[in-house]
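Before any comments, here is the structure.
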Amino acid sequence: MLVRRTYQFLIVYCIGLASLLGLKYALSLSDYVIPSIPLILETAEQVFSDYLRAAFSTLSVTVLGQIISIILAFSVGIAGRKSSWLGSFIRATAYNIQAYPIVALAPIIFILLGDGFLSRLLIASIICYFPLLLSVLGVMAAPVQEIEHFYQATGRMSWQLEVKIRAFENLSKLTTVISGSATLAMAGTIVAEFIAANAGIGYSIRTALYQSDLAKIFVALFLIGIIISLYQGLLENIGQWIIQKKLE
C-alpha cells in the first residue's frame, strides 16, 4: 500500500508539473511566472530541510486532529444511533454545527486560541470529523438482524454488544473511511496554517505566495503529497491487518 500510494502520487504530480511546464513553453512565460525544472531543483535544495520539518509539524497536527475526530465521530455516532428524540437531537446538533463554513469559524478560533498549535488542531478536527460522523451514524443505525436477534432472544443484548456487532460487521467500511479521512485532516491543518498560523507547511506556502515564489510552492506540494501518501498507505495497511485478524 505504501509503495503504491507513493508512485500513484508521483504520477499525478509529474503530470501536473509537466502540464504547467508545457503551458510555460507554449506561451513563452518567464521563470517568474512558472519556474523551470532547474529553478525548482535549486529551490528544493535550498528549502528542503526547512520544508520537511514544517511538513512533519503539519503531520503531527494531522494525526492528533484525526484521532480527536475519530473519537468525536464514534461518540456522537453511538449516542445518536437510535431513532429516539435524543438521538435525533444529537444528530441535528452535529449537522447544524457543520453547516457553518470553517472560514467563518476560523477567526473566532484564532481570536480565542491564538495562532498556535491548538487552533490548527481544532480546525483539522472540525474538517475531518463530519464525514467520519456520517459513516459511523450509517453503520451504527443499521441493525445486523440475524446476530442481534439471537442476543435479544437470549436476553444478553446490551448497548455495548450492539455497538461491537455493528462495528465488526462493517469493519471494512469503517477502516476505509478512517484511512480516507487522513486527507481531510491534512487539508484542514494546511487550511488553518494558511489562514493565520505561524508554523507548518501551510504557513510556508502562504509565505511563498506572498513572495510570488511558485518554485517553493511546488516543493511544498511535493512534500505534502509524499507524506500524506505514506500516512494514508500506513492506515490502509493497519486496516487490512485488523480485517485479517477478524477473519482468523
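The values are calculated or read from the model by the stated rules, or taken from the named source; none is laboratory data. A quick note: this is a predicted structure, and the numbers were derived from the prediction, not measured. Cβ placement follows ideal geometry from the backbone for every residue including glycine, while neighbour counts extend to all protein chains displayed. The area values use the complete protein model at the heavy-atom level, side chains included, leaving out ligands, DNA and RNA. Shrake-Rupley method; radii C 1.70, N 1.55, O 1.52, S 1.80 Å.
Are any of the residues in region 240-248 more than 24 Å from Ile34 (Cβ to Cβ) and of a type in the set (Val, Ile, Thr)?
Yes; the residues of region 240-248 include at least one that is more than 24 Å from Ile34 (Cβ to Cβ) and of a type in the set (Val, Ile, Thr).
Just name the residue that is most open to solvent (accessible area, probe 1.4 Å) out of those in region 216-248 that are in contact (Cβ under 8 Å) with a residue 12 or more places away in the chain and aromatic (Phe, Trp, Tyr).
Phe222
So the check is Cβ under 8 Å with 6+ separation or different chains; which pairs have a first residue in region 27-43 that's more than 13 Å from Asp213 (Cα to Cα) and a second one that's open to solvent by 60 Å² or more (accessible area, probe 1.4 Å) and not in a loop (DSSP other than H, G, I, E, B)?
Leu29/Leu23
Filter region 1-29 down to the residues that are surrounded by 10 or more Cβ atoms within 10 Å (Cβ to Cβ), over 30 Å from Trp241 (Cα atoms) and of a type outside the set (A, V, I, L, M) and list them by number.
The answer is Cys14, Gly16, Ser19, Gly22, Lys24, Tyr25.
Just for helices (runs of 4 or more DSSP H) wholly inside region 121-215: which have at least 2 residues that are at pLDDT 80 or above, open to solvent by less than 40 Å² (accessible area, probe 1.4 Å) and in contact with a Lys or Arg (Cβ under 6 Å, 6 or more places away or on another chain)? I'd like the intermediate steps shown before the answer.
Numbers: elements: 145-153, 159-169, 171-195, 201-210.
It comes to 171-195.
Starting from region 91-113, keep only residues that are closer than 25 Å to Gly80 by Cβ and open to solvent by less than 80 Å² (accessible area, probe 1.4 Å), then list their pairs with residues that are at pLDDT 70 or above and in a loop (DSSP other than H, G, I, E, B) whose Cβ atoms are within a distance under 8 Å, requiring at least 6 positions of separation or different chains.
Arg91/Gly80; Ala94/Gly80
Name, by its number, the condition in (1) under 22 Å from Ile127 (Cα atoms); (2) open to solvent by 60 Å² or more (accessible area, probe 1.4 Å); (3) touching a residue at least 24 places away in the same chain (Cβ under 8 Å) that does not hold for Ile71.
Failed condition: (3).
All but one of (1) within 19 Å of Phe56 (Cα to Cα); (2) touching a Ser or Thr at 6+ places or on another chain (Cβ under 6 Å) hold for Val177; state the number of the condition that does not hold.
Status for Val177: all satisfied but (1).
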